[in-house]
1. Go through the stretch 86-108 and count every residue that is at pLDDT below 85 and either surrounded by 15 or more Cβ atoms within 10 Å (Cβ to Cβ) or aromatic (F, W, Y) (or both).
2. Filter the stretch 36-89 for residues that are of a type in the set (A, V, I, L, M), more than 27 Å from N21 (Cβ to Cβ) and not in a helix (DSSP H, G or I) and give the result.
3. Among the residues of the stretch 169-200, write down those that are in contact with a helix residue (DSSP H, G or I) (Cβ under 7 Å, 6 or more places away or on another chain), without any contact (Cβ under 8 Å) to a residue 40 or more places away in the chain and of a type in the set (K, R).
4. Quick check on R132: is it assigned by TED's automatic domain parsing to the domain that holds I251 and either under 20 Å from T3 (Cα atoms) or in contact with a Phe, Trp or Tyr (Cβ under 6 Å, 6 or more places away or on another chain) (or both)?
5. Checking the structure you have, find out if any residue of the stretch 201-219 is within 23 Å of A126 (Cβ to Cβ), in contact (Cβ under 8 Å) with a residue 40 or more places away in the chain, in a helix (DSSP H, G or I) and in the same structural domain as L243 (by TED's automatic domain parsing).
6. What number of residues in the stretch 1-12 are surrounded by 13 or more Cβ atoms within 10 Å (Cβ to Cβ) and at pLDDT 85 or above?
7. One residue is enough: does the stretch 227-250 have a residue meeting the conditions modelled with pLDDT under 90, in a helix (DSSP H, G or I) and on the phi > 0 side of the Ramachandran plot?
8. Tally time: how many residues in the stretch 136-164 are under 19 Å from P200 (Cβ atoms) and touching a strand residue (DSSP E or B) at 6+ places or on another chain (Cβ under 7 Å)?
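The values are calculated or read from the model by the stated rules, or taken from the named source; none is laboratory data. In this text, all values refer to a predicted model and were calculated from it rather than measured experimentally. Note that each Cβ is placed from the backbone with ideal geometry, even for glycine, and that neighbours are counted across all protein chains shown.
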Amino acid sequence: MKTELAAFLDYAAFERGLSKNTRQAYESDLERFAEHMTQARIPTLATVTSADIIAFQEHGKNIKLTPATLARRLAAVKVFLTWLRSENRIPLNPAASLASPRRTRLLPHVIGEKQVGEMLDLCTDATSVLTRDRAILELFYACGLRASELSALTLDCLRFEEGLVRCNGKGGKTRLVPLGLSAENAIKKYLAEARPGLRPVKDEKRVFIGPRGRGMTRQLLWKLVKDSAIAAGADPDASPHWLRHSFATHILSRGASVRVVQELLGHSDIGTTQIYTHIDKSRLKSTHTQFHPRA
């Protein structure tokens, strides 16, 4: 299966233009499927049946994978087998008759405004690392960026004269997001006072510098947010995506429209954004009280 998987990943990159993160997810899920084939003694991809795919999913349920992970794994297998069939590498597509499970949409985790403020206030010592960390947290919260987007930010993405940051989102889509004064000041301070002290390697264009002078990875950004949350007494499972959720929820609670938040987050489907309206029940209640004639 290694040969077919490598060819499929090339197709995903060069013909479908899928992002590196998506390709890595496909690769990981399909490697798990290859392990399942070995354990189930399925000799070739041409002999895979729909029952084999169902057994793969059942095994995932048995080891307590989340519904979202199960849905993602099935999607990877279906896309892979569909491609194999289109290339005449297998005689039939055994996944064609399998329906994708309905995914339960969970409410996103949100960090309270006070706790976000406490996370930021912890980064006040005048060291290069803490100045950098303050700028990162400010940017996550001010712009609702994904970890992959912030990690990839280069110096030319910062448009201070317009108060904007340009980021490349999923599917290679580019969007402009307002920085906000607090985040802009934190980034300017970092660039002037801290970034040179972190000794970026020659020609390193990424904004935030980690160990050995290279741009920070997503993993380092996740660790930074988690450590800051723990220090501030917030949930120890906090992640950059929690700050993204908090950004969306907090600006909605202050009156922003769902359409605006959709643009800021870079969601292609407004249904993805509308989940945040289910969180801010206090706003719904106060609006009802204020405007309903019998409230």
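1. Going through the stretch 86-108 one residue at a time, the tally reaches 2.
2. From the stretch 36-89, those of a type in the set (A, V, I, L, M) are 37, 40, 42, 45-46, 48, 51, 53-55, 63, 65, 68, 70-71, 74-77, 79, 81, 84; that's our starting set.
This time we only want the ones that are more than 27 Å from N21 (Cβ to Cβ), so: 40, 42, 46, 51, 54-55.
Residues satisfying the conditions are A40, I42.
3. Residue satisfying the conditions is R199 alone.
4. Details: assigned by TED's automatic domain parsing to the domain that holds I251: yes; either under 20 Å from T3 (Cα atoms) or in contact with a Phe, Trp or Tyr (Cβ under 6 Å, 6 or more places away or on another chain) (or both): yes.
Yes.
5. No, every residue in the stretch 201-219 fails to be within 23 Å of A126 (Cβ to Cβ), in contact (Cβ under 8 Å) with a residue 40 or more places away in the chain, in a helix (DSSP H, G or I) and in the same structural domain as L243 (by TED's automatic domain parsing).
6. If we filter the stretch 1-12 for residues that are surrounded by 13 or more Cβ atoms within 10 Å (Cβ to Cβ), which is where we start, we get 1, 4-5, 7-9, 11-12.
When the remaining residues are screened for being at pLDDT 85 or above, the result is 4-5, 7-9, 11-12.
Total meeting the criteria: 7.
7. Checked the stretch 227-250: no residue is modelled with pLDDT under 90, in a helix (DSSP H, G or I) and on the phi > 0 side of the Ramachandran plot.
8. Residues that pass the stated criteria total 6.
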